[in-house]
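In what follows, a structure is listed as structure tokens, so that the remarks can point back to it.
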Protein chains: 2
Amino acid sequence: MELKRATDGEKGFEKVFAFLRERLLAGSLKPGDRLISERELATLLGVSRPIVREALRALTVLGIVEIRDRIGTVVTRPDVSVLNDFFTFALAQHADMLDDVMQARVAIECQAVRLACERANIADFERLQRALAKIGETIDEADAGGMADFDFHRAIVVASHSETLTVLHASLAGLLTHSHRSRRELVQAFPSVKTYLMDDHRRIFEAVIARDPERADATLRKHFAIGDEYRRRAVVGDIDKTSASG
Amino acid sequence: MELKRATDGEKGFEKVFAFLRERLLAGSLKPGDRLISERELATLLGVSRPIVREALRALTVLGIVEIRDRIGTVVTRPDVSVLNDFFTFALAQHADMLDDVMQARVAIECQAVRLACERANIADFERLQRALAKIGETIDEADAGGMADFDFHRAIVVASHSETLTVLHASLAGLLTHSHRSRRELVQAFPSVKTYLMDDHRRIFEAVIARDPERADATLRKHFAIGDEYRRRAVVGDIDKTSASG
DNA sequence: TCATCATACTGGTCTGACCACGATCAGACC
DNA sequence: GGTCTGATCGTGGTCAGACCAGTATGATGA
């Protein structure tokens, strides 16, 4: 029974995947190129079409390729947003990881704000300013306020003009939306949070405008620390105080 | 004609993928669990087995699940090595992404070193010290030196005791190894790199020992900046100079 | 009690078919 | 001649049923 073999050691899926990987890494398959049809690929490699589809689907979730219904399979420009899927799965395992994820968010944003100081352009400034204004307008609304808060922070990362940081931030943000919302609930508990929210964000904005990375980083970092402090006090039911540890 | 079912709008692959994603994100499917067989899954969701296999394969390349031949499909603890696949593809066509990823690495490590100052224990200190010693021993070797360098930086992240930061850092590691290796080649070009490598890492280590987050962050950040400067000078063919912009 | 073997699983794969729709080109119409 | 229309072909999307090769398990025999 000379089943298949001989052609190469890999079996089925691996064969197809390796075949495509080779072309993709070598550059003979570039973004925009259309692959040959699944049927051709199947006969070419001596496997069945379902196997070919497994390989194509694998490349799809890796963001390497896009399967277009009734059109064909085309090579896409690698998009970092694939990481989103992975991180969602990877980080959603434990709920107690929220604090930990927050640390990663701080890491990303503090680096982003530094880069933003160097790279931000007029459009970035305007976006930040709009987000800042929005925070002021929605200071008393929980949902809208939370979104405005997040938009500002996202604007910082966007202003860094780093795709990697942007994607990582977006991935982590999904897990932290609750954090943002609960933060806004502090507004009711602690009136001083209002000035904290406005002043902090404004100071960060000003530091970026001044293109002062050190100050921007420090201010943003302090902003996070104070937010933590507020949440901590909310947990223990402390009364309002303006100061908070840094 | 009850073609597709009205139970859900998604079709085929999406249906299965969404079904499994739900369980995985909700936590009803935890690492170590064995999924029901492909056949059961197929009948349960009203799709064919090849479709189920597409979904399982997708989860496999995402590192969420492992298909064991003739055993079954089990949920794995998310493994970052998947991201290496992605980055390998991405970089094959997009070499300029390296700088961008480097920014993410700086972000992660600088935050990690701050946390390490707070959380590092004796074991972490010892690991850092061993890594530091290794850097000194392998200062003249390209490969071993690069590994020692990377090990030190990884030890910092490990000392942060942040799973998320560790995961992110490890995921970027695939790319960073190249960066690390090429960095070591600078040792030949610039003798002063030796002292730079030793002194910088030692200073970082000392800052962590002193549990001084600000100094640790600043030192590490400067370390990266000087490394960049060396690489820049290597590109333009500059001669050796000890000082570098910070 | 223990070793052996039949059986019922599992994943891995193939075959051949159908559907719905986009693309294409020939033919009809203006 | 040029444009519009429609049939055909190709594409992905899916299905059903089958076979293989091992694993795991339980029944059977020693």
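Whether any residue in the range B:56-65 is within 15 Å of DNA strand D (Cβ to nearest atom) and among the hydrophobic types (A, V, I, L, M, F, W, C) is what I want to check.
Looking only at the range B:56-65, we keep the residues that are within 15 Å of DNA strand D (Cβ to nearest atom), and these are B:56-58.
Next, from what is left, pick out any that are among the hydrophobic types (A, V, I, L, M, F, W, C): B:56, B:58.
Looking for residues that are within 15 Å of DNA strand D (Cβ to nearest atom) and among the hydrophobic types (A, V, I, L, M, F, W, C), one finds at least one in the range B:56-65, hence yes.
Taking the criterion of being in a strand (DSSP E or B) and within 12 Å of chain B (Cβ to nearest Cβ), the residues of the range A:59-71 that qualify are A:Val65, A:Ile67.
Of B:Leu128, B:Leu115, B:Leu44, B:Leu56, which residue is assigned to a helix (DSSP H, G or I), farther than 30 Å from A:Pro78 by Cα and at the interface with chain A (Cβ under 10 Å from one of its Cβ atoms)?
Values: B:Leu128 fails: at the interface with chain A (Cβ under 10 Å from one of its Cβ atoms); B:Leu44 fails: at the interface with chain A (Cβ under 10 Å from one of its Cβ atoms); B:Leu56 fails: farther than 30 Å from A:Pro78 by Cα.
After ruling out the rest, the residue left standing is B:Leu115.
Out of curiosity, is A:Val75 at pLDDT 85 or above, open to solvent by less than 10 Å² (accessible area, probe 1.4 Å) and β-branched (Val, Ile, Thr)? Before the answer, list the steps.
Working: at pLDDT 85 or above: yes; open to solvent by less than 10 Å² (accessible area, probe 1.4 Å): yes; β-branched (Val, Ile, Thr): yes.
When the stated conditions are applied, A:Val75 passes them.
Do we have A:Arg130 as modelled with pLDDT under 85, away from DNA strand C (no atom under 16 Å from the Cβ) and more than 16 Å from the chain's Cα centre (by Cα) here?
Values: modelled with pLDDT under 85: no; away from DNA strand C (no atom under 16 Å from the Cβ): yes; more than 16 Å from the chain's Cα centre (by Cα): yes.
No.
Scanning the range A:72-87 for residues that are over 21 Å from A:Arg23 (Cα atoms), more than 7 Å from chain B (Cβ to nearest Cβ) and either part of a loop (DSSP other than H, G, I, E, B) or touching a Lys or Arg at 6+ places or on another chain (Cβ under 9 Å) (or both) returns a single hit, A:Ser81. In the range A:28-41, the qualifying residues are those that are open to solvent by less than 60 Å² (accessible area, probe 1.4 Å) and part of a helix (DSSP H, G or I), and the one that is nearest to DNA strand C (Cβ to nearest atom) is A:Glu38.
The values are calculated or read from the model by the stated rules, or taken from the named source; none is laboratory data. Predicted model, so just to flag it, every value in this text is computed and none were measured. Neighbour counts are summed over all protein chains in view; Cβ atoms, including those assigned to glycine, are modelled from backbone coordinates with ideal geometry. Ligands, DNA and RNA are stripped out before the accessible areas are found, and what is left, the full protein with its side chains, is counted by its heavy atoms. Shrake-Rupley method; radii C 1.70, N 1.55, O 1.52, S 1.80 Å.
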